[in-house]
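Structure, as structure tokens:
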Amino acid sequence: MSWIDWVIVVVPIALIMGIAFYSKRYARGVADYLAAGRIAGRYLISVGDMTAALSVITLVAGTEANYQTGYAVSFWNAIITPVGMFISLTGFCVYRWRETRCLSMGQFLELRYGSKFFRIFCASLRTVAEMVTNAIGPAIATNFFIYFLGLPHRVMIGGVNLPCYGIVVVLCLTLAVLFIWPAGRISLIITDCFQGLLCYPIFVVIIGYIILHFSWTEDIAPVMLNRVPGQSFMNPYDISQLRDFNLFALVTNLTATLLCRANWFGNDTTNSAKSAHEQKIAGVLGTWRNGMSTVFILLIAVITITFMTSPHFVKKSDFKTNSTEVRIELSSKVLDEIIPDAKERQPLVDKIKAVPGKLTEADYTHKMSQQKNMDTPYLDAMREAMGDTPEGRMQFQKFRSLYNQMMMPTLLGKIFPVGMIGVFCLLMVMLLISTDDSRIFNASSTLMQDLVLPLFKGHLDQKMHLLLLRLMTVWVALFFLVVSLFFAQLDYINMFTTIMCAVWMGGAGPVMLGGLYSRFGNLTGAWSAIILGSGTSLAGLICQRNWADHIYPFLEKMQWVDTWDHVLRTVSGPFNPWIVWAMDPVKFPINSYEIYFISMVLSVVGYVGGSYLTYKPYNLDKLLHRGEYADGPKNISEPWTLRNIFSKLIGITPEYTKGDRIIAYSVFGYSFVYGVILVFVGIVVWNAIWPWPNSWWTVKFYITSLIVPAIIGVISTVWFLWGGIKDSRQLFIDLENRVEDPDDNGQVSDETKADLLK
């Protein structure tokens, strides 16, 4: 990078760091450190949540997935829209969770199911799954910066040859810990909001640059249309042959959206709002805050697909590079990472460099597919060169994963000019900080609140409690460092995070959902759900991790490959082409989404069956502080009438102000009336009568995926800028005047637990 790029990156980051350390004076107690005193405003939470959720790994994973499927599958995501709208407008799970006033998931589980051991076990399971999943975030981000900035894999410092990867990972994690240490959730929520406000104008700059340099009609649309039948990137009625990120993945996501809504509650911003209503409205605002970020992620994926697939960019382009040079440099850099020995690596590099000379004009212009595309010759060359041994298969898995993940940063580092490199790098650093610090904080808080805190019999001193929380942050960062350095991620990022999260999510859905909404759910049902659901996911993860180097070679040795292939094809046959199970020497036949879905089904069966076998009604009103147990303003109930039926269906209650109602109605209008009725149902009906030609789909996606979200993004940029600044100022005022309760630290007394279980 030039000195201009470095200034663009360093100055804002230094300012954000100063804000984090300034907030330390306001963290006087445990509730301040863990939940920002439970007095944060809606815009502060909403903008901060956007930044914490939009990470480097999200961008890399989204590009990786879209590179395989294009736009077409996303059309059917509208099926999930009513579910997401229902969740936002009604405050599904979020409202009740805030009513419990629990500081952690484990505190809730102990209160709801009456078992300290169950609390500790679930906290351990969740935290391990969460930490291993999130620990690849710094790893992916580190690789992103190495490939984007063209950094070497090894650097000489003081005569010692050190891995650049390790140095960057340490810097990333150190930066994240420094943001957490001063004031915990207070410093996170303030800095995340500030970074979010900076992100909006950066999105506009990058999107504007892309629109000026890539033509939709001449560059993007022709590439998206150049696909074999059954694997369209534009026509959602022509996607039956797509694997992995297909319609069954959509079914899994839809199921998880409802069943697993509450699974990560506890140590995120779901504890931080002024009230349950304010928490609910912060979620409703999420529909509007993401307009520009959605366009940004989509356009980054689109230009990657276009540049790397279009024949226009194979040998020459308006940029300082072409797709052939990018592929050769990318492949060579990946080989340099996975094969440090130069003598062993050089023959493979030579094979990569020889690939373009073997390709003909037909190879650049034929219709592309997942099986045969512009990357296939390079991947085939490596598969052949690395050999068909267990070691060769594992090596090829590593090469293919890094090749897919690092294509986007390698490309952007080549086509962005001076200044734009700095702007994009600043954005990525902010997304790295906001995500890593939040995930480290969430994991360290869970460990402290649900594993360490229950071991203290008496009341834990506040100063000691805060010190332990900070020290636990350092411990989790060290764990992230170890995993980042030694853990090899061998599948698509979304596939890996899905199966890893499923170790917790696969079993926890009915445990959390049933705990908040049912009176019949009990400890037996909860254990049954965890054992069946999480156990299935864990077994699937073990099979995926050990398939190429251990399991498949064993089946091959026992001559069971053909038998199992027949079994898998027979079982998956009724679900073809969406589910296709067949033996493969490199990859486990059942993908992560399929394992996740199976585990969720089994967990529901276990929870319902186990709970009814040992049925005992639970006093849910006491846990939610409702009715006779309310110790504050009681919820105002409103009977159903013909006049209010619509407003009640979309979650509007007497707590709503006029402004709240406008927000709720606007979200309903945009999400349901426009997004579902007009753009989805209307188009489905039209195509049932008269199918659209492919060219029409390009116009549709141009309008609905770029133009409309961009307009919303411009409006929301001004709206949330004002709201975020206002709420940030108010948070400091309220924290200054807040009266600290030293007993509000997440501990559960035996008397409280016994009282709830009466």
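The values are calculated or read from the model by the stated rules, or taken from the named source; none is laboratory data. This structure is a prediction, so every number in the text was calculated from the model and none was measured. Cβ coordinates were reconstructed from backbone atoms using ideal geometry, including for glycine residues, and neighbour counts include every protein chain displayed.
Over 25 Å from Glu110 (Cα atoms), in contact with a helix residue (DSSP H, G or I) (Cβ under 7 Å, 6 or more places away or on another chain) and in contact (Cβ under 8 Å) with a residue 60 or more places away in the chain: does that describe Phe441? The answer is no for Phe441. Inside the range 237-261, can you point out the residues that are surrounded by 23 or more Cβ atoms within 10 Å (Cβ to Cβ) and modelled with pLDDT of 85 or more? Cys260, the sole residue that qualifies. Residues in the range 347-379 that are free of Cβ contacts under 8 Å to residues at least 24 places away in the same chain, of a type outside the set (Val, Ile, Thr), assigned to a helix (DSSP H, G or I) and surrounded by 13 or more Cβ atoms within 10 Å (Cβ to Cβ): Asp363, Pro377.
Evaluation of Gly106 against the conditions (1) touching a Pro at 6+ places or on another chain (Cβ under 9 Å); (2) on the phi > 0 side of the Ramachandran plot shows that the sole unmet condition is (2). Just checking, how many residues over the range 27-69 are of a type outside the set (Asp, Glu), in a helix (DSSP H, G or I) and over 27 Å from Ser232 (Cα atoms)? Total satisfying the criteria: 20. Residues that are charged (D, E, K, R) and under 30 Å from Gln395 (Cβ atoms) occur in the range 483-497; there is at least one. Screening Thr174 on (1) more than 19 Å from Leu299 (Cα to Cα); (2) surrounded by 15 or more Cβ atoms within 10 Å (Cβ to Cβ); (3) among the β-branched types (Val, Ile, Thr) shows it passes everything except condition (2). Residues in the range 313-325 that are over 17 Å from Gly357 (Cβ atoms) and modelled with pLDDT of 85 or more were compared, and the one that is surrounded by the fewest Cβ atoms within 10 Å (Cβ to Cβ) is Thr321. Considering Leu89, Leu111, the condition of being in contact (Cβ under 8 Å) with a residue 60 or more places away in the chain and crowded, with 22+ Cβ neighbours inside 10 Å is satisfied by Leu89 alone.
Kindly evaluate Val168 against the criterion of being crowded, with 18+ Cβ neighbours inside 10 Å and within 27 Å of Ser484 (Cβ to Cβ).
Spelling it out, Val168 is indeed crowded, with 18+ Cβ neighbours inside 10 Å and within 27 Å of Ser484 (Cβ to Cβ).
Might you let me know whether the range 593-602 holds any residue that is within 30 Å of Leu285 (Cβ to Cβ), part of a helix (DSSP H, G or I) and modelled with pLDDT under 75? The answer is no, given that none of the residues of the range 593-602 is within 30 Å of Leu285 (Cβ to Cβ), part of a helix (DSSP H, G or I) and modelled with pLDDT under 75. Take the conditions closer than 29 Å to Arg261 by Cα, without any contact (Cβ under 8 Å) to a residue 60 or more places away in the chain and part of a helix (DSSP H, G or I) and apply them to Ala539. Does it pass? Yes; evaluated as a whole, the condition is true for this residue.
Screening the candidates Val56, Val11, Val60 for the property of being modelled with pLDDT of 80 or more, surrounded by fewer than 19 Cβ atoms within 10 Å (Cβ to Cβ), out of contact with any Ser or Thr (no Cβ under 6 Å at 6 or more places or on another chain) and within 30 Å of Ala139 (Cα to Cα) yields one hit, Val11. Met408 fulfils the conditions (1) within 30 Å of Leu299 (Cα to Cα); (2) modelled with pLDDT under 90; (3) surrounded by 24 or more Cβ atoms within 10 Å (Cβ to Cβ) except for a single criterion, (2). Here Tyr67 passes the criteria (1) within 30 Å of Tyr403 (Cα to Cα); (2) free of Cβ contacts under 8 Å to residues at least 12 places away in the same chain except the one numbered (2). The criterion of at least 3 residues that are out of contact with any Pro (no Cβ under 7 Å at 6 or more places or on another chain), at pLDDT 85 or above and surrounded by fewer than 20 Cβ atoms within 10 Å (Cβ to Cβ) is met, among helices (runs of 4 or more DSSP H) falling completely within the range 442-535, by 462-486.
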